[in-house]
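*Asks:* I have a structure I would like to understand better, so I am pasting it below and will then ask my questions one at a time.
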Amino acid sequence: MASSFARILSSKRKVGILSLVGAGSLTVGFFLNREQHVNAGAHVRRIYPPSLVLFPNSAEYPDLRKHNNCMASHLSPAVYAKLCNKTTPNGYTLDEAIQTGVDNPGHPFIKTVGMVAGDEESYEVFADLFNPVIKERHNGYDPCNMKHPTDLDSSKIRGGQFDEKYVLSSRVRTGRSIRGLSLPPACTRAERREVEKVVVDALAGLKGDLAGKYYSLTQMTEQEQQQLIDDHFLFDKPVSPLLTCAGMARDWPDARGIWHNNEKTFLVWINEEDHTRVISMEKGGNMRRVFERFCKGLQEVERLIQEKGWEFMWNERLGYILTCPSNLGTGLRAGVHVTLPRLSKDARFPKILDNLRLQKRGTGGVDTAAVGNTFDISNLDRLGQSEVQLVQTVIDGVNYLIECEKKLERGQDIKIPAPISQFK
Amino acid sequence: MNINQVDATMPFGNTHNQLKMNYTAEQEYPDLSKHNNHMAKVLTLEMYANLRDKQTPSGFTLDDVIQTGVDNPGHPFIMTVGCVAGDEETYEVFKDLLDPVIEDRHGGYKPTDKHKTDLNPDNLQGGDDLDPNYVLSSRVRTGRSIRGFCLPPHCSRGERRGIEGLSVEALGALDGDLKGKYYALKDMTEEEQQQLIDDHFLFDKPVSPLLLASGMARDWPDARGIWHNDNKTFLVWVNEEDHLRVISMQKGGNMKEVFTRFCTGLTKIEELFKEKGHEFMWNEHLGYVLTCPSNLGTGLRGGVHVKLPNLSKHEKFGEILKRLRLQKRGTGGVDTAAVGGVFDISNADRLGFSEVELVQMVVDGVKLLVDMEKCLEAGQSIDDLMPEQK
């Protein structure tokens with residue numbers, strides 16, 4: 001990476017007042033210059049009105065007064081000024097990282113993250129903003145002084161077979177990024193196609209109950225498409241402005257696709273919100289088996305890409321690196337669809353979930369309402385605990401919920417459990 | 001140009017040109033096999049290879065130009081442009097792509113052709129007497145870009161605010177029947193917003209994927225706003241699809257008055273900008289430079305809402321419009337259907353004809369259309385009135 005001297009010379013914004021070094025752009029404070037180089041080597045000056053001169057960074061600082069997202073909470077003018085002229089080695093900038101948060105002010109009740117990473121280095125170069133955002137989003141996990149544990153040894157799980165009178169289905173998902181290639185907000189078409197190739201080649205090496213097939217979005221037939229829709233596997237072009245404003249839908253549907261095993265219990269999405277999203281699932285309550293397959297599949301894929309000289313993005317500060325800071329660490333959401341007709345009507349239900357560090361959603365996924373009495377219950381945390389720990393939390397927690405439901409069935413009273421500790 | 005010298009960065013999306021040079025042109029070339037837009041028709045692999053290492057001085061790249069066309073394959077019947085400019089220099093640096101797109105879009109306009117600008121309303125013949133029983137309203141619009149600033153797909157927040165500041169200052173100096181007021185989108189009160197909606201002045205955040213994919217809606221509603229005169233006959237949009245969109249309009253058929261106010265207002269605004277050391281983007285080949293290549297030249301759409309219930313059902317209606325170089329739309333604007341036999345009729349051309357010439361075509365053409373309508377009402381044939389191809 002260029003020295004900081006060269007970076008000053010080549011940075012996008014040069015304040016006429018401040019940048020005196022070798023650029024011949026000394027101003028007398030009357031205008032803000034943005035110097036660029038044209039084909040012939042001459043300088044082209046862009047001139048702002050005098051009112052914008054005195055506070056050059058404030059001319060660019062976004063108006064976040066009506067915003068309620070994690071980025072807006074932590075992007076002070078000072079932080080902006082410090083980071084706005086930096087770029088990652090690939091050229092990703094702060095303005096690109098925060099664009100989605102600027103464009104989507106947020107909701108009074110739901111606090112979105114409001115920023116994304118364009119590549120692995122984003123989390124380092126823009127750490128002054130990412131770190132407090134991560135800490136807020138991950139309930140106090142401090143990237144400055146904590147380490148994230150990774151553990152995909154499913155043999156450590158205790159129990160994990162739920163009462164199927166209550167649990168209708170079990171599912172575990174995460175994401176993985178291929179080190180050395182930019183993330184969906186910033187990747188070029190060629191990089192995205194390379195992600196597709198690397199992952200599809202690896203998946204083709206899976207055997208036994210993991211053997212499967214890839215369906216490219218650009219090439220699938222009508223029948224294949226219909227089958228994937230019927231299986232509830234097909235993903236569509238993102239419409240959420242949270243994603244489109246970050247540039248993740250560019251070039252759709254180029255290099256996007258879906259892979260699944262023949263048994264339809266292990267599914268991989270390629271180049272949707274992350275390089276890959278990996279999902280293990282089945283009907284019924286055998287979360288243990290779902291997690292076993294999850295770990296085995298992930299480890300196999302990792303081995304296969306390593307044979308070709310690739311690896312996943314990971315570090316001990318942040319765990320697995322994904323596009324959205326909310327998915328750092330394990331990126332893991334393990335959950336069940338469970339019917340809890342009595343418990344869900346009990347006023348203590350939210351507090352019980354809270355203390356068990358669980359989260360409820362409707363069965364359509366995030367931001368949907370529950371249908372009937374069936375809920376999607378999953379782990380709240382992503383970062384600071386390992387995969388094994390989080391899945392165990394879900395198993396123990398859901399068992400507790402089922403016990404509560406059974407007690408209420410029998411006319412017995414239930415207890416709010418003591419809050420379990422967050423960072424083990 | 002040595003791209004390593006320029007570390008300019010793009011606020012939106014796919015910009016890492018240095019990174020892309022690690023891959024071959026084939027690896028980066030977009031899949032346009034299902035596409036039907038002007039860009040896709042023209043952009044071969046060879047052209048992509050030749051242009052992909054170039055950037056404008058502000059850092060706009062080929063992929064930035066074409067992103068909207070890649071993301072929006074187009075429609076079998078409606079041919080969209082599929083590319084945008086991020087700054088004035090885009091039309092120069094990427095002329096190998098944009099010249100053929102312009103030629104195709106603007107009826108054969110060649111790279112060597114010169115465009116004539118004429119904003120003298122005295123040169124318009126007639127136009128003050130379109131029958132108000134048929135012509136319900138008259139309107140002329142265009143756009144202007146401020147030289148030295150990047151265009152909406154590429155401008156930074158600071159630039160956009162600069163454009164707003166300069167525009168508000170210039171508009172604030174207008175007087176007489178042009179005196180008016182600016183309403184910033186992010187500061188307007190509920191009452192102001194409702195009034196602007198009732199007046200049909202308020203523009204909203206773009207929802208069309210054609211615009212969103214090129215990054216024009218970034219940072220909404222920062223530095224966007226609407227200015228209009230007290231009489232509500234002269235309206236300026238700031239930082240929507242272009243730096244400025246300028247609209248002159250009124251009820252009835254006095255297109256001459258609408259056009260006169262249009263020219264007077266534009267000329268005055270241009271003078272005010274020049275006093276502060278700024279000018280509009282313009283050159284003698286492309287005329288006024290705007291974001292979308294379809295709006296080059298005059299950027300002018302002059303039109304009327306006109307009642308043509310009989311003529312619109314005539315089998316030769318389409319042919320007549322074509323010969324008059326006119327275009328029909330529904331009264332909701334582009335891509336809407338006509339309601340109650342009322343059509344929006346406007347000039348089809350933008351580049352290669354002057355403002356006066358285009359408005360003359362509208363005035364003369366609409367006069368003829370109304371005469372034809374009256375004939376058909378009276379049960380007479382319109383065969384004698386069929387025009388020649390203009």
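The values are calculated or read from the model by the stated rules, or taken from the named source; none is laboratory data. Note that this is a predicted model, so its numbers are computed, not measured. In this analysis, Cβ positions are derived from the backbone assuming ideal geometry, glycine residues included, and neighbour counts consider all displayed protein chains.
*Asks:* Looking at the structure I just gave you, is A:Val388 at pLDDT below 95 and either not basic (Lys, Arg) or not assigned by the TED database to the domain that holds A:Arg158 (or both)?
*Replies:* Working: at pLDDT below 95: no; either not basic (Lys, Arg) or not assigned by the TED database to the domain that holds A:Arg158 (or both): yes.
Spelling it out, it is not the case that A:Val388 is at pLDDT below 95 and either not basic (Lys, Arg) or not assigned by the TED database to the domain that holds A:Arg158 (or both).
*Asks:* In addition: Hey, could you check the range A:62-76 for residues that are in a helix (DSSP H, G or I) and touching a Ser or Thr at 6+ places or on another chain (Cβ under 9 Å) and say which is nearest to B:Pro221 (Cα to Cα)? Spell out the reasoning first.
*Replies:* Restricting attention to the range A:62-76, the residues satisfying the condition of being in a helix (DSSP H, G or I) are A:70-74.
Applying the additional criterion that residues be touching a Ser or Thr at 6+ places or on another chain (Cβ under 9 Å) yields A:70-71.
Working: A:Cys70: 20, A:Met71: 18 Å.
Selected residue: A:Met71.
*Asks:* Return yes or no: is A:Asp128 among the acidic types (Asp, Glu), in contact (Cβ under 8 Å) with a residue 24 or more places away in the chain, over 28 Å from B:Asn22 (Cβ atoms) and more than 13 Å from chain B (Cβ to nearest Cβ)? Full working, then the answer.
*Replies:* On the way: among the acidic types (Asp, Glu): yes; in contact (Cβ under 8 Å) with a residue 24 or more places away in the chain: yes; over 28 Å from B:Asn22 (Cβ atoms): yes; more than 13 Å from chain B (Cβ to nearest Cβ): yes.
The answer is yes for A:Asp128.
*Asks:* State yes or no: is A:Asp153 surrounded by fewer than 20 Cβ atoms within 10 Å (Cβ to Cβ) and at pLDDT below 95? It would help to see each step written out before you state the result.
*Replies:* Values: surrounded by fewer than 20 Cβ atoms within 10 Å (Cβ to Cβ): yes; at pLDDT below 95: no.
Answer is no for this residue.
*Asks:* Next up: Please identify the pairs in which a residue from the range A:105-125 that is part of a loop (DSSP other than H, G, I, E, B) has its Cβ atom under 7 Å from the Cβ atom of a residue that is of a type in the set (Phe, Trp, Tyr) and at pLDDT below 95, counting only partners at least 6 apart or on another chain.
*Replies:* Note: pairs meeting the criteria are A:Gly118/A:Tyr92; A:Asp119/A:Tyr92.
*Asks:* Could you say which residue among A:Glu136, A:Glu164, A:Glu194 is modelled with pLDDT of 95 or more, touching a helix residue (DSSP H, G or I) at 6+ places or on another chain (Cβ under 9 Å), surrounded by fewer than 23 Cβ atoms within 10 Å (Cβ to Cβ) and more than 14 Å from every other protein chain (Cβ to nearest Cβ)?
*Replies:* Details: A:Glu164 fails: touching a helix residue (DSSP H, G or I) at 6+ places or on another chain (Cβ under 9 Å); A:Glu194 fails: more than 14 Å from every other protein chain (Cβ to nearest Cβ).
Only one candidate qualifies: A:Glu136.
*Asks:* Here is a further query. Give the residues of the range B:15-53 that are of a type outside the set (D, E, K, R), more than 8 Å from chain A (Cβ to nearest Cβ), touching a strand residue (DSSP E or B) at 6+ places or on another chain (Cβ under 9 Å) and not in a helix (DSSP H, G or I), sorted by residue number.
*Replies:* Once the filter is applied, which keeps residues that are of a type outside the set (D, E, K, R), more than 8 Å from chain A (Cβ to nearest Cβ), touching a strand residue (DSSP E or B) at 6+ places or on another chain (Cβ under 9 Å) and not in a helix (DSSP H, G or I), the range B:15-53 yields B:Asn36, B:Asn37.
*Asks:* If you go through the range A:179-188 one residue at a time, do you hit one that is at positive phi, within 20 Å of the chain's Cα centre (by Cα), in contact (Cβ under 8 Å) with a residue 12 or more places away in the chain and surrounded by fewer than 19 Cβ atoms within 10 Å (Cβ to Cβ)?
*Replies:* We begin by selecting, within the range A:179-188, every residue at positive phi; these are A:180.
Keeping just the survivors that are within 20 Å of the chain's Cα centre (by Cα) gives A:180.
Now restrict to residues that are in contact (Cβ under 8 Å) with a residue 12 or more places away in the chain: A:180.
Checking which are surrounded by fewer than 19 Cβ atoms within 10 Å (Cβ to Cβ) leaves us with A:180.
Yes, because at least one residue in the range A:179-188 is at positive phi, within 20 Å of the chain's Cα centre (by Cα), in contact (Cβ under 8 Å) with a residue 12 or more places away in the chain and surrounded by fewer than 19 Cβ atoms within 10 Å (Cβ to Cβ).
*Asks:* Another question, then. Quick one: is A:Cys144 in a loop (DSSP other than H, G, I, E, B), among the hydrophobic types (A, V, I, L, M, F, W, C) and in the same structural domain as A:Val268 (by the TED database)? I'd like the intermediate steps shown before the answer.
*Replies:* Numbers: in a loop (DSSP other than H, G, I, E, B): yes; among the hydrophobic types (A, V, I, L, M, F, W, C): yes; in the same structural domain as A:Val268 (by the TED database): no.
When the stated conditions are applied, A:Cys144 does not pass them.
*Asks:* Tell me, please, whether a residue that is away from every other protein chain (no Cβ under 14 Å), acidic (Asp, Glu), over 30 Å from B:Ser156 (Cβ atoms) and in contact (Cβ under 8 Å) with a residue 12 or more places away in the chain can be found in the range B:92-107.
*Replies:* Going through the range B:92-107, the residues away from every other protein chain (no Cβ under 14 Å) turn out to be B:96-107.
Okay, now just the ones that are also acidic (Asp, Glu), so B:96, B:99, B:103-104.
Okay, now just the ones that are also over 30 Å from B:Ser156 (Cβ atoms), so B:103-104.
This time we only want the ones that are in contact (Cβ under 8 Å) with a residue 12 or more places away in the chain, so: B:104.
Within the range B:92-107, one or more residues are away from every other protein chain (no Cβ under 14 Å), acidic (Asp, Glu), over 30 Å from B:Ser156 (Cβ atoms) and in contact (Cβ under 8 Å) with a residue 12 or more places away in the chain.
*Asks:* While we're on this one: If the requirement is being in contact (Cβ under 8 Å) with a residue 60 or more places away in the chain and surrounded by 24 or more Cβ atoms within 10 Å (Cβ to Cβ), which of these qualifies: A:Arg348, A:Arg317, A:Arg382?
*Replies:* Numbers: A:Arg348 fails: surrounded by 24 or more Cβ atoms within 10 Å (Cβ to Cβ); A:Arg317 fails: surrounded by 24 or more Cβ atoms within 10 Å (Cβ to Cβ).
Result of the check over A:Arg348, A:Arg317, A:Arg382: A:Arg382.
*Asks:* Could you list all residues from the range B:162-191 that are without any contact (Cβ under 8 Å) to a residue 60 or more places away in the chain and loosely packed, with under 15 Cβ neighbours inside 10 Å? Even if it seems obvious, please write down each step before you answer.
*Replies:* Quick first cut of the range B:162-191, residues without any contact (Cβ under 8 Å) to a residue 60 or more places away in the chain only: B:162, B:165, B:172, B:175-176, B:179-191.
Selection gives B:Gly172, B:Asp175, B:Gly176, B:Lys179, B:Lys181, B:Lys186, B:Asp187, B:Thr189, B:Glu190, B:Glu191.
*Asks:* Further question: Can you find a residue that is touching a residue at least 60 places away in the same chain (Cβ under 8 Å), closer than 17 Å to A:Glu302 by Cβ and in contact with a Leu (Cβ under 6 Å, 6 or more places away or on another chain) anywhere in the range A:208-231?
*Replies:* So the first thing to find is which residues in the range A:208-231 are touching a residue at least 60 places away in the same chain (Cβ under 8 Å), and the list is A:209-210.
Okay, now just the ones that are also closer than 17 Å to A:Glu302 by Cβ, so A:210.
If we keep only those that are in contact with a Leu (Cβ under 6 Å, 6 or more places away or on another chain) too, we end up with none.
No, the range A:208-231 contains no residue that is touching a residue at least 60 places away in the same chain (Cβ under 8 Å), closer than 17 Å to A:Glu302 by Cβ and in contact with a Leu (Cβ under 6 Å, 6 or more places away or on another chain).
*Asks:* Among the residues of the range B:132-187, count how many are small (Gly, Ala, Ser), more than 10 Å from chain A (Cβ to nearest Cβ) and assigned to a loop (DSSP other than H, G, I, E, B). Even if it seems obvious, please write down each step before you answer.
*Replies:* Taking the range B:132-187 and keeping what is small (Gly, Ala, Ser), we get B:137-138, B:143, B:145, B:148, B:156, B:158, B:162, B:165, B:167, B:170, B:172-173, B:176, B:180, B:184.
Still in the running and more than 10 Å from chain A (Cβ to nearest Cβ): B:137-138, B:143, B:145, B:167, B:170, B:172-173, B:176, B:180, B:184.
Those still in the list that are assigned to a loop (DSSP other than H, G, I, E, B) too: B:145, B:173.
Residues in the range B:132-187 being small (Gly, Ala, Ser), more than 10 Å from chain A (Cβ to nearest Cβ) and assigned to a loop (DSSP other than H, G, I, E, B): 2 in total.
*Asks:* Which of (1) out of contact with any Phe, Trp or Tyr (no Cβ under 6 Å at 6 or more places or on another chain); (2) farther than 17 Å from A:Ser76 by Cα is the odd one out, the single condition A:Asp119 does not satisfy?
*Replies:* The failed condition is (1).
*Asks:* Sticking with this structure for a sec: Within the range B:275-284, does at least one residue satisfy the condition of being more than 14 Å from chain A (Cβ to nearest Cβ), under 17 Å from B:Thr298 (Cα atoms) and part of a loop (DSSP other than H, G, I, E, B)?
*Replies:* As a first pass, look at the range B:275-284 and keep what is more than 14 Å from chain A (Cβ to nearest Cβ): B:280, B:282-284.
Now restrict to residues that are under 17 Å from B:Thr298 (Cα atoms): B:280, B:282-284.
Restricting the remaining residues to those that are part of a loop (DSSP other than H, G, I, E, B) gives B:284.
The answer is yes, given that some residue of the range B:275-284 is more than 14 Å from chain A (Cβ to nearest Cβ), under 17 Å from B:Thr298 (Cα atoms) and part of a loop (DSSP other than H, G, I, E, B).
*Asks:* Return yes when A:His107 is modelled with pLDDT under 95 and not assigned by the TED database to the domain that holds A:His275 and no when it is not. Show your work before the answer.
*Replies:* Working: modelled with pLDDT under 95: yes; not assigned by the TED database to the domain that holds A:His275: yes.
Judged against the criteria, A:His107 is a match.
*Asks:* From the list B:Phe353, B:Phe343, which one is assigned to a loop (DSSP other than H, G, I, E, B), in contact with a Ser or Thr (Cβ under 8 Å, 6 or more places away or on another chain) and either over 11 Å from B:Leu321 (Cα atoms) or modelled with pLDDT of 95 or more (or both)? Spell out how you get there, then give the answer.
*Replies:* Details: B:Phe343 fails: assigned to a loop (DSSP other than H, G, I, E, B).
Result: B:Phe353 is the single residue among B:Phe353, B:Phe343 that is assigned to a loop (DSSP other than H, G, I, E, B), in contact with a Ser or Thr (Cβ under 8 Å, 6 or more places away or on another chain) and either over 11 Å from B:Leu321 (Cα atoms) or modelled with pLDDT of 95 or more (or both).
*Asks:* Give the residue that is surrounded by the fewest Cβ atoms within 10 Å (Cβ to Cβ), with candidates limited to residues of the range A:388-424 that are in contact with a strand residue (DSSP E or B) (Cβ under 8 Å, 6 or more places away or on another chain) and within 19 Å of A:Cys295 (Cα to Cα).
*Replies:* Within the range A:388-424, the match that is surrounded by the fewest Cβ atoms within 10 Å (Cβ to Cβ) is A:Thr393.
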